[in-house]
Amino acid sequence: MMSSEPVVLVDELKTSCSAYSIGRLTLNKPKALNALDLEMAGLMLDALLQWQSRDDIVAVVIDASGEKAFCAGGDIVSMYKSMLEAKGAIPPFLEDFFKTEYTLDYTIHNYSKPIVVWGSGIVMGGGMGLLCGASHRVVTETSRLAMPEITIGLYPDVGGSYFLPRLPGKTGLFLGLTGGQMNGTDACFVGLGDILVSSSEKESMLSSLVEHQWNIGDDLSEQVTQVLKSVPKPEELPQANIEPHMSLINELCSGNSAPEVVNAILTNNVEGDKWLTRAQSTLAKGSPITMHLVFEQCQRGGEMSLADCFRMEVDMSCRCGEQGEFQEGVRALLIDKDMSPKWQYASVEDVPATVVEQFFTSPWEGDKHPLAQLGR
Ligand code: QUE
């Protein structure tokens, strides 16, 4: 086999006035639903840092090959292999992967030029990390956004500790616990999407950005906003799921402990409500350890800086890499595909506090932390 398709297409689109260009990154593993691997994250980070220092780059667009997914998650098969090899220690690959991925996510959050993310189709896990920090988050009528890590015994990372507790009311905690899916309407309602356009208009959006008469003296972000407003909307907007459930979500998630909130969601009568039924069932089958991690990260992350959140998440993710629950979750879902993970504890009440606390301890002292320099 001699396939050598690049995993990320790095391109520069000359704008009509030709003095300026738009950087374009296209995730290019459509058969893997563009799930982010280490090579992709490294290529994206390098290109973004180079473009940031160039005066002729007015904006960056991040999109993906294929219609089905912007990015369905991370390369958890490679993570699984590294965990098998490390036999209970922190796999060096995981440290490397999460350091690079979170640095990329952080760079997107703090970028000095506008970044447009075309978040059409599946946007989950690692894909949410790329979307959430961008200045211009475009969603479409095919968008399906979620943080589904409870299904694999991980937890909503890629900045979830920062953005989940900042969503309206208790929606972040609810979405993290249940892997609940947001469509384009929901994403704009909670503030994770900025504009909803028709999925068939990607090329026209790119043309409009290229043809815009860029004025480098004016606010570039405002110019992108104006261009995006001209992109046609879908004929039918997706039906809202979150807004009509807002007061119920806040009520169910008002408890002061993980067991309280989880049991409130699980015992709520959802008869006839498709969206809630699915959220409830995902939570019911999910990892009891993850339930505690989501509750705790939302508590802690709500009061932390973005850089501190990413530092906490490297600690948590590496602890997940040595603890076993995550390995078992990937095994059941993607390796053996038996869909029956053997979770370490039978229910959320059975997880000892000392087990939860271990995920929030750092394997590194101070400046030895892989992200010690982030934001400093
Ligand atoms: C929960 C998850 C993930 C998932 C499915 C879940 C996840 C993830 C992937 C995924 C999808 C496509 C791929 C791939 C991984 O699926 O985090 O390598 O090609 O990355 O139910 O958390």
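The values are calculated or read from the model by the stated rules, or taken from the named source; none is laboratory data. Because the structure is predicted, anything quoted here is derived from the model rather than measured. Neighbour counts run over all protein chains shown; Cβ positions are idealised from the backbone, glycine included. Ligands, DNA and RNA are excluded from the accessible area calculation, which covers all protein heavy atoms including side chains. Shrake-Rupley method; radii C 1.70, N 1.55, O 1.52, S 1.80 Å.
What the table shows:
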item: Count of region 208-233 residues which are of a type outside the set (Lys, Arg), over 24 Å from the mean Cα position of the chain (by Cα) and farther than 17 Å from residue 14 by Cα; result: 8
item: Matching residues in region 191-233 - criterion: being assigned to a helix (DSSP H, G or I), in contact (Cβ under 8 Å) with a residue 40 or more places away in the chain and among the hydrophobic types (A, V, I, L, M, F, W, C); result: 205, 206, 209, 210, 220, 224, 228
item: Residue check, residue 311 under 30 Å from residue 92 (Cβ atoms), out of contact with any Ser or Thr (no Cβ under 7 Å at 6 or more places or on another chain) and touching a residue at least 60 places away in the same chain (Cβ under 8 Å); result: yes
item: Any hit, region 85-97, residues being among the aromatic types (Phe, Trp, Tyr), away from the ligand (no atom under 16 Å from the Cβ), surrounded by 14 or more Cβ atoms within 10 Å (Cβ to Cβ) and more than 18 Å from the chain's Cα centre (by Cα); result: no
item: Test for residue 279: is it among the aliphatic types (A, V, I, L, M) and within 16 Å of the ligand (Cβ to nearest atom); result: yes
item: Filter result for the condition that a residue is open to solvent by 40 Å² or more (accessible area, probe 1.4 Å), away from the ligand (no atom under 16 Å from the Cβ) and touching a Pro at 6+ places or on another chain (Cβ under 9 Å), over 319, 300; result: 300
item: Criterion: more than 12 Å from the ligand (Cβ to nearest atom) and closer than 24 Å to residue 308 by Cα - qualifying residue of 18, 65, 53, 112; result: 112
item: Residue within region 2-9 that is touching a residue at least 24 places away in the same chain (Cβ under 8 Å), within 13 Å of the ligand (Cβ to nearest atom) and open to solvent by less than 50 Å² (accessible area, probe 1.4 Å) present; result: yes
item: Test result for residue 337, in contact (Cβ under 8 Å) with a residue 60 or more places away in the chain, within 14 Å of the ligand (Cβ to nearest atom) and open to solvent by 60 Å² or more (accessible area, probe 1.4 Å); result: no
item: Region 105-148, residues that are farther than 19 Å from residue 165 by Cβ, in contact with an Asp or Glu (Cβ under 6 Å, 6 or more places away or on another chain) and open to solvent by 20 Å² or more (accessible area, probe 1.4 Å); result: none
item: Residues satisfying the stated conditions in region 276-297, i.e. open to solvent by 40 Å² or more (accessible area, probe 1.4 Å) and either within 17 Å of the chain's Cα centre (by Cα) or not acidic (Asp, Glu) (or both); result: 277, 278, 281, 284, 285
item: Region 227-275: number of residues that are open to solvent by less than 30 Å² (accessible area, probe 1.4 Å) and hydroxyl-bearing (Ser, Thr, Tyr); result: 0
item: Residues satisfying the stated conditions in region 253-278, i.e. farther than 19 Å from residue 295 by Cα and not in a helix (DSSP H, G or I); result: 269, 270, 271, 272, 273
item: Test: residue in region 160-171 that is away from the ligand (no atom under 16 Å from the Cβ), touching a residue at least 12 places away in the same chain (Cβ under 8 Å), open to solvent by 20 Å² or more (accessible area, probe 1.4 Å) and among the hydrophobic types (A, V, I, L, M, F, W, C); result: no
item: Selection from region 21-37 of residues that are within 16 Å of the ligand (Cβ to nearest atom) and either over 10 Å from residue 64 (Cα atoms) or in a loop (DSSP other than H, G, I, E, B) (or both); result: 28, 29, 31, 32, 33, 34, 35, 36, 37
